[in-house]
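A short write-up of the structure that comes next.
We did not get these values from a lab; they are worked out from the coordinates using the rules stated. Keep in mind that this is a model prediction, so the values were computed, not measured.
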Amino acid sequence: PQELMFQNPLKIFNSRKGEVVSWNEKIERGYFRGRDSNPSRLKLCELSMAHPEDIDARLTWNLHNKKGQDPKKYGEQVKHVSYPEMGKFKYQVLVDGTVAPYRTALLMQMDSVILKQKSMYYEWWYRYMKPWQVCKFDAEK
């Protein structure tokens, strides 16, 4: 919901207060929630329907199709979830929408692996990434 977008991110999700689910307790699946603002997001939801054991991807809002997307093809539309709820998954799938996703900094605090598509947009942390390699940020330093 919109009210989540304007809250203090540290209030929503604070890894230093023990709100992070340990790696061994996380669900072994890719996770995505977002609106239908990019064809890549629709494709991800299709993959989720074909491989639900690997990917849990659903749309939370239909921006481009007010009647809703085909639930047989893309899955049922779901409600927004909290960041701590997202943090229960080992793999966060980060897919561009109309622009680069605004939630990146919060996803980085979840102790999950971020799977990022190649993007036409630029964010500050891209320079640290190399394709197919792990890039770990240490907030304590």
Going down the table (Lys88/Lys130; Lys43/Lys116; Lys79/Lys118), which pairs top 20 Å between alpha carbons? Lys88/Lys130; Lys79/Lys118
When the Kirkwood radius is taken over all Cα pairs of the stretch 23-129, what Stokes-Einstein diffusion coefficient follows at 4 °C and 1.567 mPa s, in µm²/s? 91 µm²/s
Taking Cα pairs closer than 8 Å and at least 6 residues apart, the relative contact order of the stretch 31-93 in percent is 39 percent
